[in-house]
Amino acid sequence: MPGEVLIQADGVGKKFCRDLKRSLWYGVKDLGTELTGRTGAKDRLRKQEFWAVDDVSFEVRRGECLGLIGHNGAGKSTLLKMLNGLIKPDRGSITMRGRIGALIELGAGFNPILTGRENVYVNGSVLGMTKQEIDAKFDAIVEFAEIGEFINAPVQSYSSGMKVRLGFAVAAQLEPDVLLIDEVLAVGDVKFRTKCYNRLAEMQDRCAFILVSHQMSHISFICDKTLLLKRGQTLFHGKTAEGVQLYMKENTSGDDKPESCVIVDDPIRSVDFRVGSDELPVGAPLHLDVDLQAGMDIGEVYVRLIVHDSGHQSVAELNTQWLGVDHRISSGASTIPIAINSLRLKPGDYHVSVFVHGIEGLRTYVSAKNCCSFRVEGPMFPGSSDYVLEVAHAD
Amino acid sequence: MTQASPLPTQTPSAGPAAELPPSASPPGSTGSPEHPALHEVTYTPGSGLRQPGRLVGEMWGDLFASRGLAWRLIIRNLSAQFRGAALGWAWAFLPPVAAAGTFILLNATGVIASDPAIGMPYAVFAFVGTILWQSFVDAIQKPLAVVNASRSMLTKINFPREALLLAGIGEVLFNTTIRLLLLVAVLLAFQTPPAWTFPLALLGLGTLILTGTVIGVMLTPIGMLYKDVQQALTMLLGLLMFLTPVGWAVPDAGFRSYSAWINPAAAPLLNARSLLITGQADYLGQTLIMLGVAGVLTLLGWLLYRLAMPILIERIGS
C-alpha cells in the first residue's frame with residue numbers, strides 16, 4: 001500500500017537533565033512513578049532539566065524520506081531514539097507501523113574476538129532476523145561488504161572501514177517498512193558510501209525513511225522533505241530545498257563565522273588585507289590587496305590564495321607563480337595586488353586564506369587563514385537553494 | 001499535517017515489540033488480504049501498567065521472539081570466553097576449587113571443626129558446598145553483568161530485552177554443567193559414591209539458580225544506574241559465603257541454627273547436598289517454599305526489568 005502513513009509523531013517532547021548525579025536520581029524517581037502506574041508530572045521541568053525535543057509533529061508515508069537536520073544538540077538523535085522505541089516520550093505520542101530497521105549504530109553486538117561469519121549471525125539476530133533469513137542472505141552480505149576471505153578472520157583484525165562495511169551489509173539485507181538512519185554513513189570511503197546510498201535509493205519506494213545527516217548534499221539527494229530542529233523545536237518543516245537553505249543560513253549567521261588566524265614570520269612586521277568589495281555579483285572581478293611591513297629586504301615571493309565555502313571546502317585556488325608575475329618585498333611598506341577578473345562562484349558566503357612564501361628556501365612569511373570574507377550574490381531559482389546557471393541560447 | 005489514522009493514537013503501550021516481524025501483528029491492525037496487516041506500536045508517556053493485558057501479551061510475545069537471539073548471544077559469549085582466555089572454560093570451576101581449598105585448609109588447621117554428623121569426608125562436603133554456592137553467586141551476578149556488557153547495544157538498537165536475561169541464564173546453566181563434571185571427578189577421587197537420591201539434588205540446585213537469578217534481575221535496574229551495586233555485590237558475596245552453611249554444618253542451637261530460615265541460599269544448598277551424598281532430604285520444606293517464592297518473584301522481576309528499561313536507557317545515554 002504505497003502512501004500509507006508509517007511514522008506519525010504528535011506533539012512529541014522529551015526532557016533531559018544537564019547534571020549527571022541529578023539525572024541518575026531522577027531516573028530512580030521515574031522508575032518509581034512507572035512502577036506505581038501513576039502518570040506523574042511528566043509535563044513539568046524539574047531543576048536542571050530542559051526540553052531536548054519540544055512539541056515536534058510530523059508524519060512520513062511509505063515511499064517518502066524525511067531529512068532530519070539541525071546543529072549538534074538540536075535533538076535529532078533523541079527524536080530518533082524515541083521513534084525507535086528505545087526511550088519513551090515525555091509528551092505527545094508516536095505511532096510506528098510495520099517492521100522497523102534502525103541504522104543508528106552499525107555492527108551492533110560485534111565481538112572482536114569472533115570471526116566475521118559468526119558476527120554476521122549475531123548482528124543479524126540483534127537486528128531481528130531469523131537464522132533462516134541470515135542463511136539465505138549470507139552470500140549477498142559477504143558480497144556487498146566486499147571483504148572476501150576476511151569473513152573467516154576475527155573482526156579485531158578488520159580495518160574500521162571493513163567493520164562498517166560488514167555492518168551496513170547486514171543491515172542492508174533487512175526488509176523494513178520503516179528505516180531510521182543516523183549518520184552512520186559518514187564513515188567509509190567514497191565508493192562504498194555511494195554504494196550505500198544507491199542501496200537506500202533501491203529501498204526507497206518500499207519504505208518510509210528518516211535520515212539524520214549533517215551533509216546537506218546527501219539530504220538534498222535523498223529527502224523529499226526536511227525537518228529542521230533548533231534546540232529541540234521545529235524551525236522548519238517542508239520542502240528539502242528550503243530547509244537546506246535555512247540550515248545553511250543558520251550555520252553561517254553571526255558568530256559561526258570562522259575565526260581568522262594570521263601568523264607572520266620575521267622579518268615581516270605586519271600584514272593587512274583589503275578586499276575591493278565584500279559583496280559581489282556572480283562573475284564579477286575580485287580585488288585583494290596584501291599590505292606588508294617588512295624589517296628588511298626579502299626578495300622574490302609568491303602568494304597563494306585559497307577560497308573556501310561556508311562548509312570550509314576549498315573551492316578555488318590561485319598561485320601567483322602560475323601567472324608569471326614576480327613580486328618582491330623590500331624593506332618598509334609594500335603592497336601585493338591580486339586581481340581575479342571574473343570569479344564564477346555560485347552565490348553564497350566565502351572565506352579567503354592567503355599565504356606568502358619565499359621563492360628561495362620555500363620559507364612561509366605569512367600564513368593568514370580566513371583573513372577576509374566576501375559574499376557572492378546572484379539569481380536563485382525561487383524557493384530553492386539552486387543557482388540559475390546562465391545558458392547560452394543558440395540562435 | 002496530521003492525518004486521521006485507522007487506530008486511535010493515544011493508546012498507551014510501550015516496549016520493544018517494534019521489531020517483531022509483520023506476521024506477529026496483534027489483532028486490530030488494519031490490512032487487506034494481499035497486504036499483510038502491519039504491526040503497529042504506539043509510544044506514549046503513560047506507564048505500561050495502565051494496560052496490564054496488553055503489557056502481559058507483549059511480555060510473552062517478546063520472550064518468545066527472543067529465543068533465537070538469546071541462543072546466538074549464548075554461543076557468542078561462550079565462544080569468546082573460550083577463545084579470549086588461555087584457560088578458557090576452566091574459569092567456570094576454578095573459583096569453587098579455590099573456595100573449597102580455603103575450607104579444606106581451615107578445616108585442616110582446626111579453625112572449622114569437622115562434624116562427624118555430616119556423613120562424608122570433609123573435602124567432599126566442602127567441594128559440594130562451594131560448587132553449589134558458585135552457581136548461586138553466578139546467577140546473582142550474571143543479569144547485571146550481561147546487561148552492562150550490552151549497554152551500547154541497548155542504547156542503540158531495539159531488540160527484545162528478554163534475550164539478555166535468557167542468555168545470562170543459559171550461561172549460568174552451562175557453567176553449572178561444567179562444575180558438575182568437576183563434582184564427578186571429586187567424588188571419584190575421594191571414592192564417595194553418591195546416594196541413589198542424587199537426581200533429586202537438581203531440585204535444590206535449580207532453586208539456588210532461580211533464587212540467584214531473581215535477586216540479580218531485581219538489582220539490575222538500580223545497578224545500571226549506579227556502579228555501587230556491582231562493587232557492593234562482589235564484596236558482600238565473598239562475606240556471605242562464610243555466613244552460609246557452605247563449609248560448616250548447621251548446629252542444633254544458637255544463631256547459626258536459623259540459617260535455613262534467614263539465608264535464601266541455605267535451605268536449597270543443604271537440601272541438594274544431603275540428597276546427593278547421604279540420601280536424606282534435609283530442609284525439603286524450606287526448599288519448596290523458597291522455590292515458590294522465587295517463582296513468583298521471577299515474574300515481578302521480569303516486569304520491573306521491562307518497565308525500567310526505557311527509563312534506564314534514557315539515563316545511561318549512548
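The values are calculated or read from the model by the stated rules, or taken from the named source; none is laboratory data. What you see is a predicted model, and the numbers here were worked out from it, not measured in a lab. Cβ: placed from backbone, ideal geometry, glycine included. Neighbour counts: every protein chain shown.
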Residue among A:SER57, A:SER77 that alone is modelled with pLDDT under 90, within 13 Å of another protein chain (Cβ to nearest Cβ) and either assigned to a strand (DSSP E or B) or within 29 Å of the chain's Cα centre (by Cα) (or both): A:SER77
Answer residue from segment A:317-345, given it is within 14 Å of A:LEU286 (Cα to Cα) and in a loop (DSSP other than H, G, I, E, B) and is nearest to the chain's Cα centre (by Cα) among those: A:LEU345
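Against the condition within 30 Å of A:ILE219 (Cβ to Cβ), facing chain B (nearest Cβ under 10 Å), touching a Lys or Arg at 6+ places or on another chain (Cβ under 9 Å) and hydroxyl-bearing (Ser, Thr, Tyr), how does A:THR95 come out, does it pass?
no
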Out of A:PHE209, A:PHE144, A:PHE138, sole residue that is surrounded by 22 or more Cβ atoms within 10 Å (Cβ to Cβ) and either of a type outside the set (S, T, N, Q) or over 30 Å from A:GLY75 (Cβ atoms) (or both): A:PHE209
Matching option when the condition is without any contact (Cβ under 8 Å) to a residue 40 or more places away in the chain, of a type in the set (Phe, Trp, Tyr) and part of a helix (DSSP H, G or I), among B:PHE242, B:PHE174: B:PHE242
Residues (under 29 Å from A:SER213 (Cβ atoms), hydrophobic (A, V, I, L, M, F, W, C) and either touching a residue at least 60 places away in the same chain (Cβ under 8 Å) or facing chain B (nearest Cβ under 7 Å) (or both)) located in segment A:104-120: A:ILE104, A:LEU106, A:ALA108
Residues satisfying the stated conditions in segment A:80-102, i.e. buried (at least 24 other Cβ atoms within 10 Å of the Cβ), in a loop (DSSP other than H, G, I, E, B) and small (Gly, Ala, Ser): A:GLY98
Segment B:136-162 residues that are closer than 22 Å to B:LEU291 by Cα, paired with ones that are basic (Lys, Arg) and in a helix (DSSP H, G or I) (beta carbon under 8 Å, 6 or more apart): B:GLU162/B:ARG306
Residue within segment B:123-146 that is over 24 Å from B:LEU202 (Cβ atoms), away from every other protein chain (no Cβ under 14 Å) and in a helix (DSSP H, G or I) present: yes
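Just a yes or no: is a residue in segment B:168-175 small (Gly, Ala, Ser) and within 30 Å of B:MET309 (Cβ to Cβ)? Write out each step before concluding.
Kept after step one, since they are small (Gly, Ala, Ser), are these residues of segment B:168-175: B:168, B:170.
Among the residues that remain, those that are also within 30 Å of B:MET309 (Cβ to Cβ) are: B:168, B:170.
Yes.
Could you look through segment B:91-105, keep only residues that are at pLDDT 80 or above and among the hydrophobic types (A, V, I, L, M, F, W, C), and pick out the one that is surrounded by the most Cβ atoms within 10 Å (Cβ to Cβ)?
Of the residues in segment B:91-105, the ones at pLDDT 80 or above are B:94-105.
Okay, now just the ones that are also among the hydrophobic types (A, V, I, L, M, F, W, C), so B:94, B:97-100, B:103-105.
Numbers: B:LEU94: 13, B:VAL97: 17, B:ALA98: 11, B:ALA99: 22, B:ALA100: 25, B:PHE103: 23, B:ILE104: 19, B:LEU105: 12.
Of everything passing the filter in segment B:91-105, B:ALA100 is surrounded by the most Cβ atoms within 10 Å (Cβ to Cβ).
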Any hit, segment A:184-206, residues being surrounded by fewer than 20 Cβ atoms within 10 Å (Cβ to Cβ), touching a residue at least 60 places away in the same chain (Cβ under 8 Å) and under 21 Å from A:LYS239 (Cβ atoms): yes
Exclusive hit being of a type outside the set (Ser, Thr, Tyr), surrounded by fewer than 22 Cβ atoms within 10 Å (Cβ to Cβ) and within 19 Å of A:LEU200 (Cβ to Cβ), set A:GLU105, A:GLU118: A:GLU105
Number of the exception - A:ASP30 against (1) part of a loop (DSSP other than H, G, I, E, B); (2) buried (at least 16 other Cβ atoms within 10 Å of the Cβ); (3) out of contact with any strand residue (DSSP E or B) (no Cβ under 6 Å at 6 or more places or on another chain): (1)
Filtered residues of segment A:235-250 (kept if touching a residue at least 12 places away in the same chain (Cβ under 8 Å) and part of a helix (DSSP H, G or I)): A:THR240, A:ALA241, A:GLU242, A:GLY243, A:VAL244, A:GLN245, A:LEU246, A:TYR247, A:MET248, A:GLU250
Residue in segment B:298-315 that is within 14 Å of chain A (Cβ to nearest Cβ) and of a type in the set (Phe, Trp, Tyr) present: yes
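Anything in segment A:82-92 that is within 22 Å of the chain's Cα centre (by Cα) and facing chain B (nearest Cβ under 8 Å)? List them, or say none.
Filtering segment A:82-92 down to residues within 22 Å of the chain's Cα centre (by Cα) leaves A:82-84.
A:MET82, A:ASN84, listed by residue number.
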Flag if A:ILE69 is part of a helix (DSSP H, G or I), more than 7 Å from chain B (Cβ to nearest Cβ) and of a type outside the set (Phe, Trp, Tyr): no
Exclusive hit being more than 14 Å from chain A (Cβ to nearest Cβ), surrounded by fewer than 19 Cβ atoms within 10 Å (Cβ to Cβ) and outside any helix (DSSP H, G or I), set B:GLN191, B:GLN230: B:GLN191
Those residues of segment A:121-137 which are assigned to a helix (DSSP H, G or I) and either under 28 Å from the mean Cα position of the chain (by Cα) or within 14 Å of another protein chain (Cβ to nearest Cβ) (or both), in sequence order: A:TYR121, A:VAL122, A:ASN123, A:GLY124, A:SER125, A:VAL126, A:LYS131, A:GLN132, A:GLU133, A:ILE134, A:ASP135
